[in-house]
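The values are calculated or read from the model by the stated rules, or taken from the named source; none is laboratory data. Bear in mind that the values here come from a model prediction, so they are computed numbers and not experimental data. Backbone-built Cβ (ideal geometry, glycine too); neighbour counts: all protein chains shown.
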There are 2 protein chains.
Amino acid sequence: MIKAAAERLDGHARRTPLLGSPFIDEIAGRRVMVKAECLQHTGSFKFRGGWAALSAMDDATRKRGVLAYSSGNHAQGVAHAATLHGAPSVIVMPSDAPQLKIENTRALGAEVVLYDRASEPREEIGARLAKERSLTLIKPYDEPQVIAGQGTCGLEIAEQAREVGIEQGDVLVNCGGGGLTAGIALALEVDAPGLRVRPCEPEGFDDTARSLVSGRIEHNDRMSGSICDAILTPAPGEKTFPILKRLCGPGIVVSEDEALRAMALAFLRLKIVLEPGGAVSLAAALFHGDQIDAQEVVVVATGGNVDPDLFARALATLKD
Amino acid sequence: MIKAAAERLDGHARRTPLLGSPFIDEIAGRRVMVKAECLQHTGSFKFRGGWAALSAMDDATRKRGVLAYSSGNHAQGVAHAATLHGAPSVIVMPSDAPQLKIENTRALGAEVVLYDRASEPREEIGARLAKERSLTLIKPYDEPQVIAGQGTCGLEIAEQAREVGIEQGDVLVNCGGGGLTAGIALALEVDAPGLRVRPCEPEGFDDTARSLVSGRIEHNDRMSGSICDAILTPAPGEKTFPILKRLCGPGIVVSEDEALRAMALAFLRLKIVLEPGGAVSLAAALFHGDQIDAQEVVVVATGGNVDPDLFARALATLKD
């Protein structure tokens, strides 16, 4: 399924570059190569899953349109992929989502339906809309075509790592519901079996790390209150967790301050823009090297949709 | 020479991606594709010319070492290329250069020799050092191997533009002494004759634009006082200008404020970090579209070595 998705994405998704810097290696104490998925269309890997889902539908289904719940990267990925397919998209977003994200999603061609986070469950609004208008729901991670789409990033990593001589090592992936993490792990299992995936999460939202320890799905206590908003999910998915359990090494957990410092170093040394949730994996490589045995590491820098004020806060850490 | 340089650079320089965004196209009023040369090793295209020059030398010459005058991107490009070749490098820098640039150049393996801008001409110090230690000078732009190295960026543009269906259009290039501009123009002349180079400069430092109008080399009144420090040179080079004159369309001149706004939009929409001198070409596409007839435009975003305070100033333009 991942290879079939890669064929459908060819010429549409970007093959993002694998970047490195001697300055980053020096801090990390080992070679670190960064897969810059922030340079993907719509600023995150989510475009891959959106495109994979849309392109797998039959024409009639696609023409009726798609629906997604998201206040962030999945919304933009699905909206853009749908518009490029000539398909209508409806994105259900909380009414208190940042105005810029709402505007961006609309500008990418979606109809945005706002809901009140406190009073209306988004699932109900979504179910009603999907039924009334015969829309197909594209779930953000617990959905085989979405996992396959994100997995195309893993195929590229296998190839690009080989090109720079990395056949053994850890691949650090920012992990929310686990769609990208599972997809990459499945791709590497076949194409680069010497590379092992390590899920990376922010403190207080380490559901995947704890689930991997206990062997069953563990939940987070809360769903907000972190600057790493892109990767906050209640728990690993029913479909993704068995894959993570079978294929991944232990999770790595980083602090918000470390994520901000990683953003600043990505600015300074790699010239890429990362959002906090997109920099957690780089922070793990830079500041938690004691938890890594591998000589060489690939970091998946998953997204760059960050507002300027928060980015300025990250830059300020360079003065500490 | 450019194709020979490309063979020597293969596997060493990065093939930087060609990025685009519907939001950028909307502002520019046409399709704009951005060649993200800020993602090159050492954060600018200068690594190409440095590598081309080093790799063209015979072993004995290379072993004796190289010399460059530069306070910025050329220094880092030459230092890194020399170190990777196992060759010593001496970089002559003004003693008032930013501490970070001096440290970076040293960290990349160069010996930095500081001079007092007011009292000692750098040419004299350089000539003395070169003679005493049998070093070979690598000039920043008026040097055939350097022009050939920068031209490899043009070969990639020809290929990447074709991949996205651009066969006719303008290629906007940030222009200092004209090494990159001339190299790209020569590469496109053969590989993509439908693409025409337009040099882009900041206000007050439009020596190339004026030279193209008058048909002879014109000079700038001053050599400092712009945030676009990467592309401030006294005049187009003796070797580069005849190439520019033969192959380029008219120059485009942008303000410092426009360069800052282009940096902010590159942050927001492309997720790349540009320095002011690296964003002038994007500013030309975004804010001077009235001087462009072409339906489609390729922008060469030449570098990203900017300090955090100046970058924060660029981000603040998003609030205007």
Take the residues in segment B:162-176 that are in contact with a helix residue (DSSP H, G or I) (Cβ under 6 Å, 6 or more places away or on another chain) and not β-branched (Val, Ile, Thr), then tell me which one is farthest from B:GLY49 (Cα to Cα). B:LEU172
Condition (residue is within 14 Å of another protein chain (Cβ to nearest Cβ) and within 20 Å of the chain's Cα centre (by Cα)) applied to segment A:241-259: is it met by at least one residue? no
Looking only at segment B:1-33, which residues are of a type outside the set (D, E, K, R), in contact with a Pro (Cβ under 9 Å, 6 or more places away or on another chain) and either facing chain A (nearest Cβ under 9 Å) or part of a strand (DSSP E or B) (or both)? B:THR16, B:PRO17
I'd like to verify a number: residues in segment B:67-85 that are in contact with an Asp or Glu (Cβ under 9 Å, 6 or more places away or on another chain) and more than 14 Å from chain A (Cβ to nearest Cβ), how many? 3
Condition first: in contact with a Phe, Trp or Tyr (Cβ under 8 Å, 6 or more places away or on another chain) and more than 26 Å from A:ILE24 (Cα to Cα). Now tell me which residues in segment B:93-125 satisfy that. B:PRO94, B:SER95, B:ARG122, B:GLU123, B:ILE125
For segment A:77-118, how many residues are at pLDDT 95 or above and in a loop (DSSP other than H, G, I, E, B)? 7
Going by the structure shown, is B:VAL299 touching a residue at least 12 places away in the same chain (Cβ under 8 Å), under 14 Å from B:SER44 (Cα atoms) and either touching a Pro at 6+ places or on another chain (Cβ under 7 Å) or outside the structural domain of B:GLU103 (by TED's automatic domain parsing) (or both)? no
Looking at A:GLN99, A:GLN160, which is the one that is free of Cβ contacts under 8 Å to residues at least 40 places away in the same chain, within 14 Å of chain B (Cβ to nearest Cβ) and not small (Gly, Ala, Ser)? A:GLN99
What number goes with the only condition from (1) over 26 Å from A:PHE205 (Cα atoms); (2) at pLDDT 95 or above that A:LEU172 does not pass? (1)
Inspect segment B:35-54 for any residue being farther than 27 Å from A:SER44 by Cβ, charged (D, E, K, R) and out of contact with any Asp or Glu (no Cβ under 8 Å at 6 or more places or on another chain) and give the result as yes or no. yes
Unique residue being touching a His at 6+ places or on another chain (Cβ under 7 Å), under 22 Å from A:PRO276 (Cα atoms) and either surrounded by 23 or more Cβ atoms within 10 Å (Cβ to Cβ) or of a type in the set (A, V, I, L, M, F, W, C) (or both) when the list is A:THR42, A:THR105: A:THR42
Scan of segment A:294-312 for residues that are assigned to a helix (DSSP H, G or I) and more than 10 Å from chain B (Cβ to nearest Cβ), ordered by number: A:LEU310
Of these, A:THR240, A:THR233, which one is buried (at least 24 other Cβ atoms within 10 Å of the Cβ) and of a type outside the set (Phe, Trp, Tyr)? A:THR240
Answer yes if at least one residue in segment B:201-210 is closer than 18 Å to B:LYS46 by Cα and of a type outside the set (Val, Ile, Thr), and no otherwise. yes
So, in segment A:120-143, of the ones that are assigned to a loop (DSSP other than H, G, I, E, B) and touching a strand residue (DSSP E or B) at 6+ places or on another chain (Cβ under 6 Å), which residue ends up farthest from A:ALA53 (Cα to Cα)? A:LEU135
If I ask for residues that are acidic (Asp, Glu) and under 16 Å from the mean Cα position of the chain (by Cα), which ones from segment A:190-240 would you list? A:GLU201, A:ASP206, A:ASP207, A:ASP229
At pLDDT 95 or above and within 11 Å of another protein chain (Cβ to nearest Cβ), is that true of B:GLY277? no
Is it fair to say A:SER255 is within 30 Å of B:PHE267 (Cβ to Cβ) and in contact with a Gly (Cβ under 9 Å, 6 or more places away or on another chain)? no
Collect the residues in segment A:152-164 that are under 25 Å from A:GLN291 (Cα atoms) and part of a helix (DSSP H, G or I), keeping them in residue-number order. A:CYS153, A:GLY154, A:ILE157, A:ALA158, A:GLN160, A:ALA161, A:ARG162
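Conditions tested, residue by residue: (1) more than 18 Å from the chain's Cα centre (by Cα); (2) in contact (Cβ under 8 Å) with a residue 24 or more places away in the chain; (3) within 16 Å of B:SER21 (Cβ to Cβ).
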{"site": "A:GLU7", "(1), (2), (3)": "yes, no, no"}
{"site": "A:GLY11", "(1), (2), (3)": "yes, no, no"}
{"site": "A:ARG15", "(1), (2), (3)": "no, yes, no"}
{"site": "A:LEU18", "(1), (2), (3)": "no, yes, no"}
{"site": "A:SER21", "(1), (2), (3)": "yes, yes, no"}
{"site": "A:ILE27", "(1), (2), (3)": "yes, yes, no"}
{"site": "A:VAL32", "(1), (2), (3)": "yes, yes, no"}
{"site": "A:LYS35", "(1), (2), (3)": "no, yes, no"}
{"site": "A:GLY49", "(1), (2), (3)": "no, yes, no"}
Based on what the data block shows, is A:ILE217 in a helix (DSSP H, G or I), assigned by TED's automatic domain parsing to the domain that holds A:PRO250 and buried (at least 16 other Cβ atoms within 10 Å of the Cβ)? no
Report whether or not B:VAL254 is touching a His at 6+ places or on another chain (Cβ under 7 Å) and surrounded by 18 or more Cβ atoms within 10 Å (Cβ to Cβ). yes
Can you tell me which residue in segment B:165-214 is surrounded by the most Cβ atoms within 10 Å (Cβ to Cβ), limited to those that are acidic (Asp, Glu) and either without any contact (Cβ under 8 Å) to a residue 24 or more places away in the chain or assigned to a strand (DSSP E or B) (or both)? B:GLU201
If I filter segment A:260-268 for residues that are more than 14 Å from chain B (Cβ to nearest Cβ) and not aromatic (Phe, Trp, Tyr), do I get at least one hit? yes
Conditions (1) in a helix (DSSP H, G or I); (2) within 14 Å of another protein chain (Cβ to nearest Cβ); (3) within 30 Å of B:MET223 (Cα to Cα): number failed by B:ALA52: (2)
In the same structural domain as A:GLY177 (by TED's automatic domain parsing), free of Cβ contacts under 8 Å to residues at least 60 places away in the same chain and not hydrophobic (A, V, I, L, M, F, W, C) - does that describe any residue in segment A:264-279? yes
